[in-house]
Amino acid sequence: MEQRTLIVTVQPDWRGALRAAGRAAEECQYQGERLNFETPEAFFGHLTARRWALVHLLLGAGEVSVRELARRAGRDVRRVHEDVTTLADLGLLERTERGGVVCPFADIHVDMHLREVV
């Protein structure tokens, strides 16, 4: 099984980011999967500290039930379920046929640049 990599970017020019990903895909070599946010506010609005903690708990853990994930995180099951839904919608987590969740990535890289506004 191939190790999957996720590259999270913050790029206001989402069309440019999509074109760059397309060019990389044309090289026929796995370049990692990409998740782009147009602004830092969108990034931090979706990927909160608690959600990152859930992703971190699932990295390399295999399939885990939401209830077990909540236990490991020391959090309420309902709130963890809400966060898992958001993370699954974004593609950071995947739901399994048995009702559990898994992080399919072996490596997650965040690429964010803050520049002077001119």
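Extension gain for the segment Val117 to Thr48, taken as residue separation times 0.36 nm less the Cα-Cα distance, is 22.4 nm to one decimal.
For the charge dipole of the range 4-111, defined by +1 on Lys and Arg C-beta atoms and -1 on Asp and Glu C-beta atoms about the Cα centroid, which residue among His46, Val80, Pro104 has the Cα displaced farthest towards the positive pole? Farthest towards the positive pole: Val80. Computing FRET efficiency as 1/(1 + (r/R0)^6) for Glu38 and Thr85, where r is the C-beta to C-beta distance and R0 is 30 Å, gives about 0.90. For the pair Arg19 and Val102, the difference between a 0.36 nm per residue extended length and the Cα-Cα distance amounts to 27.0 nm.
Are there trypsin sites (Lys or Arg not before Pro) in the range 48-118 that DSSP marks as loop and that have at most 13 other Cβ atoms within 10 Å, and which are they? It would help to have the intermediate numbers written out before the result.
Values: sites: Arg50, Arg51, Arg67, Arg71, Arg72, Arg75, Arg78, Arg79, Arg95, Arg98, Arg115; in loops: Arg75, Arg98, Arg115.
For trypsin sites (Lys or Arg not before Pro) across the range 48-118 that sit outside H, G, I, E and B with at most 13 neighbouring Cβ atoms in 10 Å, the list reads Arg98, Arg115.
Principal axis analysis of the Cα atoms in the range 51-93 yields extents of 22, 21, 15 Å, listed in decreasing size. Take every Cα pair under 8 Å whose residues are at least 6 apart in sequence, average their separation, divide by the length of the range 4-111, and the relative contact order is 35 percent.
Coordinate-derived values only; no laboratory data. The structure displayed is predicted, hence computed values, not measured ones. For neighbour counting, all protein chains shown are included, and Cβ atoms are generated from backbone atoms with ideal geometry for every residue, glycine included.
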